[in-house]
Structure formats: C-alpha cells, structure tokens
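The block underneath contains the structure these notes are about, expressed in structure tokens.
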Amino acid sequence: VNNNGTLIGDTIYTLDIDELEEVTSIAKSKDGGFVLTINAGKQTGNSFGNLIKLKSDLSLDWKIKDSSNSYSKVIGHSSGAFICIGNEKMIKYNSIGGKVWEKVWLNINLNGLTEISDSSILAVCQGVPMQLIKVSPSGNELFKKDYSGTGSPAIYPTFYDITETLDKKLILAGSNNA
C-alpha cells in the first residue's frame, strides 16, 4: 500500500513462522526494523502470544513466546524498548528481547497503549469499571483512574485506544456499550 492508501501490487513479503494465526499489532523499531505481536494456538485451545522482531531487511531478529499471555498491541518506546499489552499484562522488553518488567492488573482487558511526551506509558482497558492506567518508563504505576457506568442500568464505557495530541491532551477511542 502506498502513502495514499492505494494497493500497489502483490504481497512482497510473507513471514513464515510456525503456529501463526493472528497478527494483532506492528510497530517500528529504532534500528529501522519492526516488532509484531502475534497470537497463536486459538484453534487448539492453547492460546499464546509471540513478540517477533524483524530486522530492516525483514529477516527474523528474535522471537519471544509467552505461553501465559496473548498480545493485543505493541509500541516502540523512545528508549528503544518495546511495550506490549495483552489480557491483564503490560510488558516492557529491551531492544534485544530481554524482559525489563511486567505489570499485571486483575479482571481487566488491556486494549490501547501509547507513550506520552514525558516518556510514560498510558493504557486503556475494558472492564467494570473501565480504567486508564499510567506507568513510568521504569514500570512503576503512577495512577489508575476508574470510569464507572452511568444511568440505570449502568452503561460502562469500553476504551479501545488512546493517543496524545500535540497540546498534550488525550484522545480515547471507544464505545458506551449501550
């Protein structure tokens, strides 16, 4: 696809790794390559996540299999690290695939993720109540804000993604589950 969104040809590259089922996210790396979150095992009932780093020539650099988690999104961090989320976990990996830290929040489903101007990480999740979570680059939880339902019966929002604007405000995408 070109910059205008037009399909310009056939598939030019296919990643051939065993047990692939679902590529959920892709992000650029500082070295010109890419990192992908890929989930597998759903057909067998043994779901797991893969974090795969490709070099700039699209050859495999490294692969991490997480048998306890499936991934929904990955971002490249300004430090050169990668932050991924899935289910109840947020994990930071360094540029060579080593786990730096892992955070777990129970009874939520992390959906959206972004790095903001102070290098901290914001995540939004689906749950009752919905939450906005801010984590420092070193993995410390800075805050967790709950957004409860309104009305009778209560309608709980679900947030799917988040981004920061140039004037440092946040935009959250989601639904009210009405």
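FYI, it's all coordinate maths here, none of it is from the lab. Values in this document were obtained by computation on a predicted structure and should not be read as measured data. Glycine also receives a Cβ, built like all others from the backbone with ideal geometry; neighbour counts cover every protein chain displayed.
Could you give the length gained on full extension between LEU106 and LYS145, defined as 0.36 nm per residue of separation minus the Cα-Cα distance, in nm? Walk me through the numbers on the way to the answer.
Working: separation 39, 0.36 × 39 = 14.04 nm, distance 1.47 nm.
Going from the current span to full extension adds 12.6 nm.
Given labels modelled 7 Å from the Cα in the Cβ direction, how far is it in nm from LEU172 to SER138?
Computed distance between label sites LEU172 and SER138 equals 2.8 nm.
For the pair GLU164/GLU22, report the inter-label distance in nm, with labels modelled 7 Å from Cα in the Cβ direction.
Taking the two extended label points, one gets 3.0 nm.
If packing is taken as the average count of other Cβ atoms within 10 Å, what order do 108-114, 75-81, 168-174, 95-101 fall into, highest mean first?
On the way: 108-114: 20.9, 75-81: 16.1, 168-174: 12.3, 95-101: 14.1.
Highest mean packing first, the order is 108-114, 75-81, 95-101, 168-174.
Roughly speaking, what is the stretch gain from SER67 to ASP118, that is 0.36 nm per residue apart minus the C-alpha to C-alpha distance, in nm to one decimal?
15.1 nm
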